[in-house]
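Readers should treat all values here as calculations from the given coordinates under stated rules, not as data from a laboratory. Just so you know, these numbers come straight off a predicted model, no measurement behind them. Every residue, glycine as well, gets a Cβ built from its backbone with ideal geometry; the counts of neighbours run over all protein chains shown.
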Amino acid sequence: MKKIITYGTFDIFHSGHLELLKRIKELGDYVIVGVSTDEFNLTEKNKISYFPYKDRKAIIEALKYVDLVIPEESWEQKIADIKKYDIDIFVIGNDWETKFDYLKDYGIEVIYLERTPNISTSTVKKELKYK
Ligand code: C2G
């Protein structure tokens, strides 16, 4: 069974997120998503999500492409997660191209998938005039 992991905030869930998770599922059998906690967003990504962690988690858990959701609480947890969940592939959008190449040192594949063009949470927020 090929196990895949990815991480993200997934705030104001949109088709770009869905397309990513759909393509991730096509790469393997079991998909784990680390959803960034509100604390991690604030302290490490300097962003406040519109929806709180529990709601963002519930949406991702409901997707047929996702098998397990875990909290993303630190940048460093990826290595422990790869070992804990016996991960084969790490996948993320190519806005992160090269940033996670170091994970190859832990015997896994690292794949960057093309971001879906013309949609982003920040644009949605701007268009809805959300500060
Ligand atoms: N994404 C995409 N296409 C878009 C928007 C987002 O493919 N139009 C992808 C991103 O590349 C990412 C995932 O959807 O792989 C989640 O996006 P974000 O919630 O913005 O995640 P981010 O803030 O980049 O957090 O440790 C990794 C970080 O937690 C990633």
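Points to keep in mind about this one:
- Helix 15-26 axis, angle to the chain major axis (alpha carbon atoms, nearest 10°): 10
- Segments 7-14, 98-105 sorted - mean Cβ within 10 Å per residue, highest first: 7-14, 98-105
- The calculated pair-distance distribution of segment 32-108 uses every alpha carbon pair, bins of 10 angstrom beginning at 0, and gives 16, 47, 34, 3 percent.
- Considering all different alpha carbon pairs of segment 10-59, the Kirkwood hydrodynamic radius works out to 11.9 Å.
- Between the C-alpha center of segment 52-90 and that of segment 1-24 there is a gap of 10 Å.
- Mean shadow area of segment 79-131, taken as a quarter of the surface of its Cα convex hull (nm²): 5.0
- For the pair SER122 and TYR102, a Förster radius of 25 Å applied to the C-beta separation gives a FRET efficiency near 0.40, rounded to the nearest 0.05.
- Positive minus negative residues near GLU19 (Lys, Arg vs Asp, Glu; Cβ under 10 Å): +2
- Global size of the chain: 14.2, 44 Å for Rg and Dmax (C-alpha atoms, Rg to one decimal, Dmax whole).
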